[in-house]
Amino acid sequence: MPDNMKWTIRKAQVEDAPKLAELMNIAGEGIPAHLWERMVGPGEDAVAFGARRVARTEGGFSYTSAYVAACDAAIAGMLLGYRLPDPYEGGPLDEVPSVVRPLVELEALVPGSWYVNAVATDAVYRGQGVGRQLMEQAGQLAQASKAEALSLIVAEENARARRLYEKLGYQVIAQRPIIPFPGFPHSGDWVLMTKDTGSTA
């Protein structure tokens, strides 16, 4: 496919749930599957379990908060995002899985922002501008929501993603230490990045 291909960005549909779960796990660098593994039944695949959760209409990983970059039947990438409540409505941290606690702490610093929870491109389509196109969609959704800022969290060692976000105007405003688990590819910190939308609430 040509590098300048413009994928169609559309709202995700329930039948996209299996691909969304796969892409959400890529975006979360294995954290989603790590959490799903704690909830699966005997002999069940974690990502298949995740797809069932994505197919629900409630929860932070619901397909109803997702968009896909698609061409015919092919899904090249996924954006999951929404406006965070203001004030932030996080529960007690001792009830949150330890690997997620730093992320929740960082989210709480940007109430009312439009939060890019996850963005990922299928390996087959990387290098074709899919991620940038999805991030542009995030900006449009943030402005439509009247949020004054976009926010996202990325591992500081994820240099490729950080370069893209910096080129798009995001800046680091806070950091928290990563709590690793077996197989997680990064150490160091999670970094919270924000960008003004130019909108006024």
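The values are calculated or read from the model by the stated rules, or taken from the named source; none is laboratory data. Quantities reported herein were computed from a predicted structural model and do not represent experimental measurements. Because the Cβ atoms are built from the backbone with ideal geometry, glycine has one as well, and the counts that use them run over all protein chains shown.
If the condition is being among the hydrophobic types (A, V, I, L, M, F, W, C), assigned to a strand (DSSP E or B) and in contact with a helix residue (DSSP H, G or I) (Cβ under 8 Å, 6 or more places away or on another chain), then the stretch 156-201 contributes 174, 190, 191, 192, 193.
Residue-wise test of (1) surrounded by 21 or more Cβ atoms within 10 Å (Cβ to Cβ); (2) within 20 Å of residue 144 (Cβ to Cβ); (3) among the aliphatic types (A, V, I, L, M).
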residue	(1), (2), (3)
76	yes, no, yes
90	no, no, no
93	no, no, yes
98	no, no, no
101	no, no, no
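Is one or more of the residues making up the stretch 30-52 closer than 23 Å to residue 112 by Cα and surrounded by fewer than 17 Cβ atoms within 10 Å (Cβ to Cβ)? So far as the stretch 30-52 goes, no, none of its residues is closer than 23 Å to residue 112 by Cα and surrounded by fewer than 17 Cβ atoms within 10 Å (Cβ to Cβ). Of all the numbered requirements in (1) at positive phi; (2) in contact with a Pro (Cβ under 6 Å, 6 or more places away or on another chain), residue 111 misses one, and that requirement is (1). Report yes if some residue within the stretch 16-38 is modelled with pLDDT of 95 or more, among the acidic types (Asp, Glu) and part of a helix (DSSP H, G or I); otherwise report no. Among the residues of the stretch 16-38, at least one is modelled with pLDDT of 95 or more, among the acidic types (Asp, Glu) and part of a helix (DSSP H, G or I), which makes the answer yes. Among residues of the stretch 51-72 that are polar (S, T, N, Q), those with a beta-carbon under 8 Å from a residue that is crowded, with 19+ Cβ neighbours inside 10 Å and in a strand (DSSP E or B) at least six positions away or on a different chain give the pairs 65/80; 65/81; 65/117.
Within the stretch 89-123, the residues that satisfy the criterion of being more than 22 Å from residue 30 (Cα to Cα), part of a loop (DSSP other than H, G, I, E, B) and either in contact (Cβ under 8 Å) with a residue 40 or more places away in the chain or in contact with a helix residue (DSSP H, G or I) (Cβ under 7 Å, 6 or more places away or on another chain) (or both) are 90, 109, 110, 112, 113.
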